[in-house]
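The values are calculated or read from the model by the stated rules, or taken from the named source; none is laboratory data. Keep in mind that what you see is a predicted model, and the values were worked out from it rather than measured. Cβ atoms come from the backbone with ideal geometry, glycine included; neighbour counts cover every protein chain shown. Ligands, DNA and RNA are stripped out before the accessible areas are found, and what is left, the full protein with its side chains, is counted by its heavy atoms. Shrake-Rupley method; radii C 1.70, N 1.55, O 1.52, S 1.80 Å.
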Amino acid sequence: MLLKFWSDSPIADYLSSSTGFINFAFWMGAGLLIATSLTLIHIVFIRITVLYSFRQRHKLANAWNPIVNAFRRNEDVKVPRLAKRHQAYFLELWIELRQLSNQSFAEVLDRLALRLGLDKCIDRILQQTVGFKFFPGKDWLRVQAITVARWLPTERTVNYLTTIAESDNQLLAVESCATLLELEAENSAQSVIKLLFRFPESAPYITAKLGQAGGGSIVTFLEPFLNLLPAYTLMNFISLIEQSDDKTLLPVLKRRLSQAVDAEELSALLRAMGKLGGENERSIVIPYLHHSVTHVRIQAAHALGRIGIPEDAELLLPLLSDENWWLRYRTAQAYINLTKIDREEYDLLMESVMDAYARDIIKHVRAENEWFLT
Amino acid sequence: MVLNLTTIEEFIVWAFLAYVLLCSGAYLLLNLIAFDSLRHLLRQRRTSDELSLYTGLEPPITLIVPAYNEGRTIVISIQSILQLHYPNLEVIIVNDGSSDNTLDALVSAFDLEPFSETVRLQLKTQPVRCVYLSRKINGLRLVDKENGGKADAINAGINISRSPLFCCIDADSILERSALIRVVQPFLNDPGTVASGGTVRIANGCKVRYGHIIRKGIPSHPLATFQLVEYLRAFLFGRVGWARINGLLIISGAFGLFRKESVVAVGGYLTDTIGEDMELILRLHRILGDEGKPHRVSFVPDPVCWTEAPERFRDFSSQRVRWHRGLSESLFLNKGLAFERRSGTAGWIAYPFFVFCEWLSPFVELAGYLFTFYLLIAGKISWIDVAVIGVFAVSLSVFLSTIGLLLDEITFPGTTRIRELIVLFAFSILECFGYRQVNMYFKLKGAVGWMAKSKRTWGSMSRSGSWQQ
């Protein structure tokens, strides 16, 4: 019937009497209009998803805020059942409040969560493989659940988290490891080590996340494995070492420095040496002042400026004439740090230095000290 | 109606159709490639919220801000730039012989003091009058020089910069705070990267406070809205696609990050061309390809630079004439890149595409209109036939624009209001009835001007400065 309708229509008449390119343009145009419509529908679908999420969050927050406040005031309040479709949004709201809460409010929230059976809900979510509709993937829900688990662990939580930490999903694996560290679970160190070797390219993210969870203590776990870590991963952990200010890790750094050949790794290690080391470590740093890679020399000069003694300043003088501005700059800063020269001695130094670039950089660092450090 | 077209006429018609399909197909393919890159980006976003916690060994960046007669807006622009998140940032403002109060405004706002220093002049520029150092802001310098144009100003900034990477930004552009952290990623991931571009979006219609975009919007002026649709369709995601296959031939002069060593090695920016941004990228591909050095030109869709699109017709026309003239000059000066053995995607795919689908397009479009008119006048086609062809052309353009809107919605979901989406869709239809034709005319003017070697001018653009609040 459709075919008959089409064959009787004036459009079919027109197309049959038209040449090939008109037919081609007609059908292409029709196809493109359909494709455009489908694309618009897709845009509308994405927008509905976003709006739905937003509305659900807003509705939930309005519904639960009075209940949370009532709990806070120790009032007797009827706690409604948490609908399954609201679980993800509720978790997000709960996490937001929990992260910002002080101890007393945290206890209130934990009480509310236990009353709602949130701990069992978390276990169910971690166990499940299928998430909710309208959400951008199940990952988001499971991340929420993993985050909540650090405050409401059950006996089975650690097992679930250990399994997820070994999954191929990087986001979930990292979150699980961070939670395991916070819970001080028995196998957390092993999970972290496996994670680092499985996702080396994401070292910055992993470092940051784990740093929030445990800081320098993670590096203690890693000590036996530091020699096996690739240079890029290690560099990110060196930044954690520096943040932790843990001088007990110095032997680890020294050992690694003696074996390192990669310039980036050497730079990171020298910088850490400058932060954590002392006068005893000067002799390790000094040879790197003549390294072939500029960046290594920069970090060596910078480190020596922090841990050196005034007599080491002589070693820095040749570097003041290097063609790389940053090396000259760090050297000048290091020199002034070590010698603590006053204004008169600045002028004497300027006169004694022949190279124009060296004089310039000393002038620059002097100006910086006067303008910004007084 | 049976058409009485001769064989040649029919061949010409099919040739036009084939050209349109080829160019549009290429754009669609680029958008599909861009879609794949965006998926990867969205996945990365979930694990990159702690980007600020890096090793601390990120390469220092010098931000070069060429300024010419920007007295009204330069101080707030620089204050906005100084709030960027990046661990090691140096800012060099280059006052390119301004005749207004640009220099005085900067000196008084940032407590700049003349501070001569010995500099290795790696690139030739107009004479530098003085270098200033700020007593208030560590890492802020000003180069005051004789007027030489934007390219010359950037070269002067390169000479004095200390960092291995430099970023050019227009004085009236606004960078998002995390833009530098994101646009530096390709350099960290691949040491062969020589340049990286970021998304440039139109700021007209956005709400700005103290030099930062606080709410996104679409322009109220129709001319700027047409340009926004054009950006989404052709500039934005097309570049993501090209970068994915290492065929990106242009990074916007408003925002781009470059490896200084590579740029100096190829001679810096050319001062006697009007499309210096594209010309530099082409030259990097050509020379580094010739030398067999691995090089990559990347594009990061995530970081955003906001810039003002011209709302006055005069400014728009001079911009478009300049762009197409710049395209012509850049392609001609680097014709050695085409089909060169070691030029890779840039020489074998991107360069021919830009010649065939970009440079040639206004000529083909004009020829198409004239040929259609001829067929109509000669009675060889009817008005209905013209309408069918017109609907096909419009639907093709609208489809590509809608794909751009979809990719924008995927990348930044929910940031454009529904009313604005409807307006953008409506404008994607309307642009086929006037805007494209006007654009075609200006492109022709630019190309013809280049061929006739007529005098080049940058023109001037009146700035509303609406974000300087």
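Points worth noting:
- Count of segment A:326-374 residues, restricted to those that are of a type outside the set (Asp, Glu) and open to solvent by 50 Å² or more (accessible area, probe 1.4 Å), is 13.
- Of all residues assigned to segment B:353-373, at least one qualifies as being within 12 Å of chain A (Cβ to nearest Cβ), part of a helix (DSSP H, G or I) and of a type in the set (Val, Ile, Thr).
- Hits in segment A:316-325 - residues which are in a helix (DSSP H, G or I) and surrounded by fewer than 20 Cβ atoms within 10 Å (Cβ to Cβ): A:Leu317, A:Pro318, A:Ser321
- Screening B:Val297 on (1) out of contact with any Lys or Arg (no Cβ under 8 Å at 6 or more places or on another chain); (2) outside any helix (DSSP H, G or I); (3) open to solvent by 40 Å² or more (accessible area, probe 1.4 Å) shows it passes everything except condition (3).
- The residues listed here are B:Arg162, B:Arg120, B:Arg141; of these, the one that is closer than 19 Å to A:Arg328 by Cα, part of a loop (DSSP other than H, G, I, E, B) and free of Cβ contacts under 8 Å to residues at least 60 places away in the same chain is B:Arg120.
- Total residues in segment B:395-424, condition assigned to a helix (DSSP H, G or I) and either facing another protein chain (nearest Cβ under 8 Å) or in contact with a Leu (Cβ under 8 Å, 6 or more places away or on another chain) (or both): 19
- Wholly within segment B:184-255, helices (runs of 4 or more DSSP H) carrying at least 2 residues that are among the polar types (S, T, N, Q) and open to solvent by 20 Å² or more (accessible area, probe 1.4 Å): B:185-189
- Taking the criterion of being among the small types (Gly, Ala, Ser) and open to solvent by 60 Å² or more (accessible area, probe 1.4 Å), the residues of segment B:96-111 that qualify are B:Ser99, B:Ser108.
- Those residues of segment B:3-23 which are open to solvent by 90 Å² or more (accessible area, probe 1.4 Å) and aliphatic (A, V, I, L, M), in sequence order: B:Ile8, B:Leu22
- Selection from segment B:311-350 of residues that are of a type outside the set (Gly, Ala, Ser) and not in a helix (DSSP H, G or I): B:Glu311, B:Arg312, B:Asn334, B:Phe339, B:Glu340, B:Arg341, B:Arg342
- Remark: B:Ser80 matches the filter, which requires a residue to be within 26 Å of the chain's Cα centre (by Cα), within 22 Å of B:Asp302 (Cβ to Cβ) and modelled with pLDDT under 90.
- Considering the conditions (1) more than 16 Å from the chain's Cα centre (by Cα); (2) closer than 25 Å to B:Ile181 by Cα; (3) open to solvent by 30 Å² or more (accessible area, probe 1.4 Å), B:Asp277 is excluded by exactly one of them, (1).
- Selection from segment B:153-171 of residues that are open to solvent by 10 Å² or more (accessible area, probe 1.4 Å) and away from every other protein chain (no Cβ under 14 Å): B:Asp170
- Selection within segment B:435-449 - over 18 Å from B:Gln227 (Cβ atoms) and either more than 20 Å from the chain's Cα centre (by Cα) or open to solvent by 50 Å² or more (accessible area, probe 1.4 Å) (or both): B:Val448, B:Gly449
- So B:Arg141, is it closer than 22 Å to B:Ile61 by Cβ, over 18 Å from the mean Cα position of the chain (by Cα), among the charged types (D, E, K, R) and open to solvent by less than 10 Å² (accessible area, probe 1.4 Å): yes
- One residue from B:Ser395, B:Ser343, B:Ser401 being closer than 18 Å to B:Glu431 by Cα and without any contact (Cβ under 8 Å) to a residue 60 or more places away in the chain: B:Ser395
- Top-ranked residue in segment A:47-59 [being open to solvent by 30 Å² or more (accessible area, probe 1.4 Å) and free of Cβ contacts under 8 Å to residues at least 40 places away in the same chain; ranked as nearest to the other protein chains (Cβ to nearest Cβ)]: A:Val50
- All helices (runs of 4 or more DSSP H) inside segment A:1-96 with 1 or more residues being closer than 30 Å to B:Arg417 by Cβ: A:20-72
- Residue match in segment A:70-91 (condition: β-branched (Val, Ile, Thr) and more than 14 Å from every other protein chain (Cβ to nearest Cβ)): yes
- When B:Arg135, B:Arg120, B:Arg129 are checked against the criterion of being out of contact with any strand residue (DSSP E or B) (no Cβ under 6 Å at 6 or more places or on another chain) and open to solvent by 60 Å² or more (accessible area, probe 1.4 Å), a single residue qualifies: B:Arg120.
- Of all residues in segment B:63-84, those being within 14 Å of B:Gly139 (Cα to Cα), of a type outside the set (S, T, N, Q) and open to solvent by 20 Å² or more (accessible area, probe 1.4 Å) number 1.
- Scan of segment A:9-43 for residues that are more than 7 Å from chain B (Cβ to nearest Cβ), farther than 27 Å from B:Lys380 by Cα and among the hydrophobic types (A, V, I, L, M, F, W, C), ordered by number: A:Ile34, A:Leu38, A:Ile41
- Candidates A:Arg85, A:Arg98, A:Arg81, A:Arg47, filtered to the one that is in contact with a Pro (Cβ under 9 Å, 6 or more places away or on another chain) and not small (Gly, Ala, Ser): A:Arg47
- Within the option set B:Val91, B:Val131, B:Val107, being outside any loop (DSSP other than H, G, I, E, B), in contact with a Ser or Thr (Cβ under 9 Å, 6 or more places away or on another chain) and more than 14 Å from chain A (Cβ to nearest Cβ) holds for one residue only, B:Val91.
- Within segment A:145-187, the set of residues being within 24 Å of A:Gln103 (Cβ to Cβ), part of a helix (DSSP H, G or I), open to solvent by less than 30 Å² (accessible area, probe 1.4 Å) and more than 14 Å from every other protein chain (Cβ to nearest Cβ) comprises A:Ala145, A:Val148, A:Ala149, A:Thr157, A:Thr179, A:Leu180, A:Leu181.
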